[in-house]
Amino acid sequence: MIDFAKLSSKYDTPLYLYDFDDITKNYNELKEAFTARKSLFCYAVKANSNLSVLKHLATLGAGCDCVSIGEVKRALIAGVQSYKIIFSGVGKKDAEIEEALEKKILMINLESEEEMCRVEQIADRINCEARISIRVNPNIDPKTHPYISTGLHENKFGVDIEVAKKMYLYAAKSKSLNPIGIHFHIGSQITQTLPFKEASQVISSLLKSLHAANIDIKFFDVGGGIGIKYKDEETISLYEYAQNIFESLSGEDVTVVCEPGRFLVGNSGYLVTKVLYEKKNDKKRFVIVDAAMNDLLRPSLYKAYHGFELIDAKDDEEKSLADIVGPICESGDFLAKDIYIPQTKHDDIIVIKSAGAYGFTMSSNYNTRPRAAEVALSGGKDRLIRKRETIEDLVEQEIEYL
Ligand code: LLP
């Protein structure tokens, strides 16, 4: 049992808490499902990029999937081995590509033909070999929120199969490109097995044709996207998920790479906030708290549901309809909408659940609000892993304002 009241008086609110033992449990569960094959878990840094989280996962054996050179550097600072780092993203800058090559990461995941030429030129110029994979868009509907769906042709990600084939043939002949991986990622928060299965089948048949053409692809990267329970979603069986991938690969000798983000950290994180006031008009009741959309954007951006708990509320207390809202000057600033909650008072604690993924990483300083502190819980102990920002931190970069 986490003592939210004690922790919020020790660290103040709004506060992000991450249960590292729970992250370990999730990691081991996934690893277990993949034991039948060579596998590598490259944690999607964008989900939660705190250095202590990365270090914790690195200690468990994880690599990292990064989408900027900043994320690559974070992973390296946290002690992730360079040969377990993948660099993806539709728009990499030249300087980012060059640095990634210099840092000798496992592979750069290409998302267009133009990018391939760019990587080739840069590798030529600095006289090194670029290990690459290609992100293939299998045109499969992941049946998730449109903003987090990525594997359809209407999305900007990856290249079509025909283009990918052409790229592999070119890369295989290039003296500075070494195609070692094939990649797909169809979306996030996926709660059905079928889209993953279909995508694996489509991409593995491309893999087989590449192997037949003597292109030695060693890594079959199935991306991330495993959904978690926020409310009453069904979640997939990890065993079935892994088995489907293995079946699609049949005899091909490859290491399966998986890039989980949300699954590893989502339900291990909490956003702890305090009630400031309550107010009511003829239409609505509002519980105004000290966390806001700048701390957790998901409800405002995707209308995402996050479970919550009013700490110390009695089971038999009468509940009524309300929105939990923050202090930001936007009507879209809410953490929960039309939920039932007992009457609250100043300083009551509300815990917003499932906030470990895409919580702090998507937070901002909107309304000049310093970002929350982050605390790790492990083995019954708590430790500060990111200090609360101060106003001084926020204005530090602003020069020549006189
Ligand atoms: N690999 C690639 C190439 C990705 O683009 C992503 C997520 C992942 C792996 C990890 O996906 P996950 O296992 O976490 O589903 N901000 C949104 C989620 C955006 C996901 C972007 N890509 C949200 O809050 O729901």
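Based on this model, can you work out whether Lys279 counts as open to solvent by 30 Å² or more (accessible area, probe 1.4 Å) and either within 12 Å of the ligand (Cβ to nearest atom) or assigned to a loop (DSSP other than H, G, I, E, B) (or both)?
For Lys279, the condition - open to solvent by 30 Å² or more (accessible area, probe 1.4 Å) and either within 12 Å of the ligand (Cβ to nearest atom) or assigned to a loop (DSSP other than H, G, I, E, B) (or both) - is not met.
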**Request:** Inspect the range 207-218 for any residue being part of a helix (DSSP H, G or I) and crowded, with 18+ Cβ neighbours inside 10 Å and give the result as yes or no.
**Result:** yes
**Prompt:** Only one of these conditions is not met by Ser9: (1) in the same structural domain as Ile352 (by TED's automatic domain parsing); (2) open to solvent by less than 10 Å² (accessible area, probe 1.4 Å). Which number is it?
**Reply:** (2)
**Request:** For the range 329-348, state whether one or more residues are in a helix (DSSP H, G or I) and loosely packed, with under 11 Cβ neighbours inside 10 Å.
**Result:** no
**Message:** Given the options Glu71, Glu120, name the one that is under 18 Å from Leu177 (Cβ atoms) and surrounded by 15 or more Cβ atoms within 10 Å (Cβ to Cβ).
**Reply:** Glu120
**Request:** Go through the residues of the range 99-116 one by one and say whether even a single one is open to solvent by 70 Å² or more (accessible area, probe 1.4 Å), assigned to a strand (DSSP E or B) and at pLDDT 95 or above.
**Result:** no
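Considering each residue of the range 77-97, count those that are assigned to a helix (DSSP H, G or I), open to solvent by 50 Å² or more (accessible area, probe 1.4 Å) and either outside the structural domain of Ala62 (by TED's automatic domain parsing) or more than 22 Å from Phe157 (Cα to Cα) (or both), and give that number.
So the count comes out to 2.
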**Request:** Output the number of residues of the range 186-206 satisfying the condition of being within 14 Å of the ligand (Cβ to nearest atom) and assigned to a helix (DSSP H, G or I).
**Result:** 4
**Asked** In the range 241-262, how many are open to solvent by less than 30 Å² (accessible area, probe 1.4 Å), away from the ligand (no atom under 16 Å from the Cβ) and in a loop (DSSP other than H, G, I, E, B)?
**Response** 1
**Request:** Please work out if Ile140 is part of a loop (DSSP other than H, G, I, E, B), open to solvent by less than 50 Å² (accessible area, probe 1.4 Å) and over 24 Å from Tyr43 (Cα atoms).
**Result:** no
**Request:** From (1) of a type in the set (A, V, I, L, M); (2) at pLDDT 95 or above; (3) open to solvent by less than 10 Å² (accessible area, probe 1.4 Å), pick out the condition that doesn't hold for Leu238.
**Result:** (3)
**Asked** Where residues in the range 55-68 are assigned to a strand (DSSP E or B) and in contact (Cβ under 8 Å) with a residue 40 or more places away in the chain, which of them is surrounded by the fewest Cβ atoms within 10 Å (Cβ to Cβ)?
**Response** Gly63
**Message:** Among the residues in the range 172-185, are any without any contact (Cβ under 8 Å) to a residue 60 or more places away in the chain and part of a helix (DSSP H, G or I)?
**Reply:** yes
**Message:** If I filter the range 122-178 down to residues being within 16 Å of the ligand (Cβ to nearest atom), of a type in the set (Val, Ile, Thr) and at pLDDT 80 or above, which single residue comes out as nearest to Gly227 (Cα to Cα)?
**Reply:** Ile140
**Asked** Out of all the residues in the range 219-233, which are outside any strand (DSSP E or B), farther than 15 Å from Ile134 by Cα and within 16 Å of the ligand (Cβ to nearest atom)?
**Response** Gly224, Gly225, Gly227, Ile228, Lys229, Tyr230, Lys231, Glu233
**Message:** Name the single residue that is nearest to Ile2 (Cα to Cα) among those in the range 263-273 being open to solvent by 10 Å² or more (accessible area, probe 1.4 Å) and touching a strand residue (DSSP E or B) at 6+ places or on another chain (Cβ under 6 Å).
**Reply:** Tyr270
**Prompt:** Does Val265 qualify as being within 13 Å of the ligand (Cβ to nearest atom) and within 27 Å of Thr361 (Cα to Cα)?
**Reply:** yes
**Asked** Which residues, counting only those in the range 285-315, are open to solvent by 60 Å² or more (accessible area, probe 1.4 Å), more than 15 Å from the ligand (Cβ to nearest atom) and part of a loop (DSSP other than H, G, I, E, B)?
**Response** Asp312, Lys314, Asp315
**Prompt:** What are the residue pairs meeting all of these: first residue in the range 297-314, first residue free of Cβ contacts under 8 Å to residues at least 40 places away in the same chain, second residue open to solvent by less than 20 Å² (accessible area, probe 1.4 Å) and within 11 Å of the ligand (Cβ to nearest atom), Cβ atoms under 9 Å, and 6 or more apart or on different chains?
**Reply:** Pro299/His306
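The values are calculated or read from the model by the stated rules, or taken from the named source; none is laboratory data. What you see is a predicted model; the values in this text were computed from it and never measured. All Cβ positions, glycine included, derive from the backbone under ideal geometry; neighbour counts span all protein chains shown. For the accessible areas, the whole protein counts, side chains as well, though only heavy atoms, and no ligand, DNA or RNA atoms are used. Shrake-Rupley method; radii C 1.70, N 1.55, O 1.52, S 1.80 Å.
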